[in-house]
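Undergrad: This is the structure I have questions about; it appears just below.
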Amino acid sequence: MGSRTYMMQGNLAVAEAAIDANCRFFAGYPITPSSEVAEHLSKRLPQVGGRFIQMEDEIAAMGAVIGASLGGVKSLTATSGPGYSLKQENIGYAYLTEVPVVIVNVMRGGPSTGLPTLPSQSDVMQAMWGTHGDHTAIALSPASVGESYDMTIRAFNLSEKFRMPVTLLLDEIIGHVYEKVSLPDPKDLHIVNRKKPTCPPDKYLPYAEDESLIPPMASFGDGYRYHVTGLVHDETGFPTNNPETIDKMLRRLHRKLDPYMSEIIEVEERETENAEIGIVTYGSSARASSSAMRAAREAGIKVGMLRLKTIWPFPTEAIFKFGQRVKSIIVPELNLGQIAHEVEQAIKGTVKVHKVNRINGEPFHPDEILNKIKECK
Amino acid sequence: MDYFPYLRKEKLPHIWCSGCGDGIALKCIIRAIHNKGLDKNKIAMVSGIGCSSRTPGYVDFNTLHTTHGRAIPFATGLKMARPELTVFVVTGDGDATAIGGNHLIHAARRNIDLKVLLYNNHIYGMTGGQVSPCTPMGDYATTAPYGCLENSFDIAGLTVAAGASFVARSTVYHVKALEKLIEKAIDKEGFSLIEIMSPCPTSYGKINKKGANKNLVLAQKTQSVPVNKAKDMSPEDLKGKIVTGILADRDIPEYIKNYDMLTSQKK
Ligand SMILES: Cc1ncc(C[n+]2csc(CCOP(=O)(O)OP(=O)(O)O)c2C)c(N)n1
Ligand code: SF4
């Protein structure tokens, strides 16, 4: 043991986790602060029998990972805000065609070219609503280098199990900070692979609804010749204009995660039992929040923290319950209140929600969160 | 020959208008695939959006109808994941040279082994006849009511310049020649593109007063000039002509083969 203990940054942890999750294809386009993921995988993938390509833009990179995944190979792309915007049409394609892929977005300040080298958490809403049309989404947000590794594994597992794109939302701080991590032996990892059809090819229905809501997925080239289209399709995969069929297909896509919410949604609760003031936060903002919480506790203020490891689907229930126990809730985030708004919805007006926001490219100082805690006391 | 083993019979009739060249092009593709004896399980056909891009829906292969302009990137990922597949891309002039133009030149530059069958009908057919980067200057379109103001692309020339292994041009009038060119593209290792002149009587023919549907196809006979003959003709004489035949056929390392070779040397 100890042989897999390194000082590494979040972006590298993502890249190594992708290898351990058996990802064997990466397509991307360089963009700060995500480029280290691509750089590392350009070297590592061929060493493990995979392939890497730097495409001509992010739209192409997104298309390429979907194409590779249809070929049966787990695939990753990594980007930041401007590139994430460009990928959105093809991310929608992956939702509708139910193709598993993992997208890493190392968030930087926006809109537009924004703040290329500075942290932000302003793409959390885009991770849910970035593409057109109704659909469900999964987005995870790590708060450390070690967690970047774990959540990359989890992102692949969830995308494979639920046949859909999964976004991993790092921010510039998590992507670039160096921390000591002990990576697990890949043999000990729980790795999920997509369900494949077992029926004969002429019986295969690529989009048939069963009780799992997740149809098995054949790889191109394995003898199951089928059709994949971004048009709304029936269970055979071919386009349809039948209102009933359209309704059935789109509703299944929308509710396909419903039976699995408890498995998908993860939050970390810290000192929530006797808390009077609650912090709800995620990603790098949880780090400053932890320090603020410690300082407040030392000053005798009972603060607890609920950290969202899963951003989407939104942990509504956990937040509602937390809201029942505290007198007020503080939501620190590096945007102007994208998640605070969701928190307000979740607690249904039972307690007041206070926002702590920063959009000037600087990370939080614990004091500004501590000050808000004191105000709320 | 019997075409039905290659078609999804239950998806017929197809959506193409009478007089559209796309059905003729499909027939040539199927004949070439049949002649080459390819295994249907090992063929993928990838397309973007447009009338031409509806082709994969009708053929019994692994078929992928992607987003507008993006067929080549999807095909690139698929080919890199499964190099043993023969990957065709079927696309239109708008799909491949407007919204997808960047992907086209970069795939050609990489020389990745895709077989691109690009149907050039000089117009956006599916959306009702808007101007395309391949509408000849002066011709009309629903968004060019005063005539097209822009120069049009020489698609094949562009692809040659970008570095593809194999580039050819043909028409749906010249079915035998087209069939043979597709066979050559199948055999060729590297990026292959065949620009197939495929008339659109509905969205291009009508507004440009080309007369009966069949006129557009028949005109291809007189418009076409084989590449050997074209060499000795002046630009003046070549105006309005279609230069047909093989425009590039060269041995350039194929992208994935090259990738695998280089990376295995330097592990
Ligand atoms: C992103 C996006 N923009 C626009 C469209 C609308 N659209 C569909 S097909 C098409 C043009 C197709 O023209 P071409 O590629 O020449 O194919 P044709 O129909 O002529 O065969 C356009 C603009 C779309 N589907 N997606
Ligand atoms: S609109 Fe034009 S390109 Fe489309 S099917 Fe009709 S003739 Fe063919």
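Read the figures in this text as sums done on the coordinates, not as results from a lab. None of these values were measured; they are calculated from a predicted model. Note that we place each Cβ from the backbone using ideal geometry, even for glycine, and neighbour counts take in every protein chain shown.
Undergrad: Any idea what the alpha-carbon Rg over 2.2 N^0.38 Å comes to for region A:4-188?
TA: Numbers: Rg = 14.6 Å, N = 185, 2.2 N^0.38 = 16.0 Å.
Relative to the 2.2 N^0.38 Å estimate, region A:4-188 comes out at 0.91.
Undergrad: Cross-link partners among aspartates and glutamates for residue B:214, C-alpha distance below 15 Å, same-chain residues fewer than 8 apart left out?
TA: Answer for residue B:214, where 15 Å is the Cα cut-off: B:22, listed by chain and number.
Undergrad: Please work out the ratio of the alpha-carbon Rg of region A:268-376 to 2.2 N^0.38 Å and round it to two decimals. Kindly include the intermediate steps, with their values, before the conclusion.
TA: Values: Rg = 12.3 Å, N = 109, 2.2 N^0.38 = 13.1 Å.
Normalised Cα radius of gyration, region A:268-376: 0.94.
Undergrad: Neighbour counts of other C-beta atoms within 10 Å: give me A:123, A:150 arranged from fewest to most. Provide the component values of the computation, followed by the final result.
TA: Working: A:123 24, A:150 19.
In increasing order of surrounding Cβ atoms, one gets A:150, A:123.
Undergrad: Return the average number of partner chain Cβ atoms within 10 angstrom of each residue Cβ along peptide A:226-236.
TA: Details: counts 5, 13, 8, 10, 7, 4, 0, 1, 0, 0, 3.
Counting other chains' Cβ atoms within 10 Å and averaging over A:226-236 gives 5.
Undergrad: Using a Förster distance of 25 angstrom, determine the FRET efficiency expected from the C-beta separation of residue A:245 and residue B:7, and round it to 0.05.
TA: Working: r = 23 Å, r/R0 = 0.93.
Computed FRET efficiency for residue A:245 and residue B:7 comes out at 0.60.
Undergrad: While we're looking at this one, here's another question. If contacts are Cα pairs under 8 angstrom and at least 6 residues apart, what is the relative contact order of chain A in percent?
TA: Averaging sequence separation for qualifying contacts and normalising by length gives 16 percent for chain A.
Undergrad: Let me ask something else. Can you tell me how region A:121-169 classifies by the Cα gyration tensor, rounded, prolate or oblate, using a/c under 1.5 as the rounded cut?
TA: Working: a/c = 4.10, a/b = 1.31, b/c = 3.13.
Oblate, because a/c is 1.5 or more while a/b does not exceed b/c.
Undergrad: Binned at 10 Å from 0, what are the whole-percent values of the Cα-Cα distance distribution for region B:16-266, short to long?
TA: 8, 33, 38, 17, 4, 1, 0
Undergrad: Okay, moving on. Is region B:1-143 rounded, prolate or oblate when judged by the Cα gyration tensor, a ≥ b ≥ c being the square roots of its eigenvalues, rounded requiring a/c under 1.5 and prolate requiring a/b larger than b/c? If you can, show how the numbers build up before the last one.
TA: On the way: a/c = 2.12, a/b = 1.23, b/c = 1.72.
Here region B:1-143 falls in the oblate category.
Undergrad: According to the Kirkwood expression over distinct Cα-Cα pairs, how big is the hydrodynamic radius of the protein assembly as shown, in Å? Walk me through the numbers before you get to the answer.
TA: Details: mean 1/r = 0.0380 Å⁻¹.
Averaging 1/r across every pair of different Cα atoms and inverting gives 26.3 Å.
Undergrad: Along the charge dipole of chain A, pointing to its positive end and built from +1/-1 on Cβ of Lys, Arg, Asp and Glu, which listed residue (A:83, A:237, A:262) has its Cα farthest out?
TA: Towards the positive end, the residue furthest out is A:262.
Undergrad: Which entries in the list A:161/A:355; A:74/A:203; A:203/B:180; B:42/B:229 go over 31 Å, if you measure between the two C-alpha atoms of each? Show your work: numbers first, answer last.
TA: Values: A:161/A:355 35 Å; A:74/A:203 25 Å; A:203/B:180 35 Å; B:42/B:229 38 Å.
Beyond 31 Å: A:161/A:355; A:203/B:180; B:42/B:229.
Undergrad: Taking every DSSP beta bridge with both residues inside chain A, roughly what % is antiparallel (nearest 5)?
TA: Values: 14 of 48 bridges.
If I count the DSSP bridges inside chain A, around 30 percent turn out antiparallel.
Undergrad: Compare B:203, B:47, B:18 in a GNM of chain B, Cα atoms joined below 10 Å, and give the one with the largest fluctuation.
TA: Its mean-square fluctuation being the largest, the pick is B:18.
Undergrad: Between the alpha-carbon centers of region A:321-377 and region B:156-201, tell me the distance in whole angstrom.
TA: Their Cα centres are 61 Å away from one another.
Undergrad: Return the calculated 222 nm mean residue ellipticity for chain A, to the nearest 500 deg cm²/dmol, obtained by summing -39500 (n - 2.57) across DSSP H runs with n ≥ 4 and dividing by the residue count. Don't jump to the answer; show the numbers that get you there.
TA: Details: 13 runs with 143 residues, N = 377.
It comes out at -11500 deg cm²/dmol, rounded to the nearest 500.
Undergrad: So what is the relative contact order of chain B, in percent, for Cα pairs below 8 Å that sit 6 or more residues apart? Could you put the intermediate results ahead of the total?
TA: Values: 563 pairs, mean separation 50.0, N = 267.
In percent, rounded to a whole number, it is 19.
Undergrad: Starting with the fewest neighbours, write out A:254, A:40, A:354 ranked by other beta-carbon atoms found within 10 Å of each beta-carbon. Walk me through the numbers on the way to the answer.
TA: Numbers: A:254 14, A:40 23, A:354 17.
Ranking A:254, A:40, A:354 by Cβ neighbours within 10 Å, fewest first, gives A:254, A:354, A:40.
Undergrad: Ok, one more. Return the whole-Å distance between the Cα centroid of region B:1-33 and the Cα centroid of region A:97-166.
TA: If you average the Cα positions of each part, the centres end up 42 Å apart.
Undergrad: Ignore the peptide's own chain and count Cβ atoms of other chains within 10 Å of each Cβ in B:55-64; give me the average, rounded.
TA: On the way: counts 0, 3, 6, 1, 2, 3, 4, 13, 8, 10.
Shielding by partners across B:55-64 averages 5.
Undergrad: What percent antiparallel are the DSSP beta bridges of the protein assembly as shown, to the nearest 5? Please list the in-between numbers first.
TA: Values: 22 of 88 bridges.
So the antiparallel bridges in the protein assembly as shown amount to around 25 percent.
Undergrad: Using R₀ = 51 Å, calculate the FRET efficiency as 1/(1 + (r/R₀)^6) where r is the Cβ-Cβ separation of residue A:291 and residue B:210; round to 0.05.
TA: Values: r = 74 Å, r/R0 = 1.46.
Efficiency at R0 = 51 Å is approximately 0.10.
Undergrad: Once you place label points 7 Å from the Cα toward the Cβ at residue B:137 and residue B:232, how far apart are they in nm?
TA: 2.9
Undergrad: Taking 2.2 N^0.38 Å as the expected size of a compact globular protein, what ratio does the Cα radius of gyration of region B:1-74 give against it, to two decimals?
TA: Expressed relative to 2.2 N^0.38 Å, the Cα Rg reads 1.08.
Undergrad: Run lengths n ≥ 4 of DSSP H only: what is the helix-derived mean residue ellipticity at 222 nm for chain B, with -39500 (n - 2.57) per run over all residues, to the nearest 500?
TA: On the way: 9 runs with 87 residues, N = 267.
Taking each H run of at least 4 residues, the total per residue is -9500 deg cm²/dmol.
Undergrad: Further question: For region A:175-286, take the alpha-carbon Rg, divide it by the Kirkwood Rh, and send me Rg/Rh.
TA: Values: Rg = 21.1 Å, Rh = 18.7 Å.
Across region A:175-286, the Cα-based Rg/Rh ratio is 1.13.
Undergrad: Also, I was wondering about something else. Along the Cα→Cβ direction, 7 angstrom out, place labels at residue A:368 and residue A:299. What is the inter-label distance in nm?
TA: Going from the residue A:368 label point to the residue A:299 one covers 1.7 nm.
Undergrad: Let me ask something else about it. Out of all Cα-Cα pairs in chain A, roughly what percent, to the nearest whole number, are more than 26 Å apart?
TA: Working: 36478 of 70876 pairs.
Here the long-distance tail beyond 26 Å is 51 percent of all Cα pairs in chain A.
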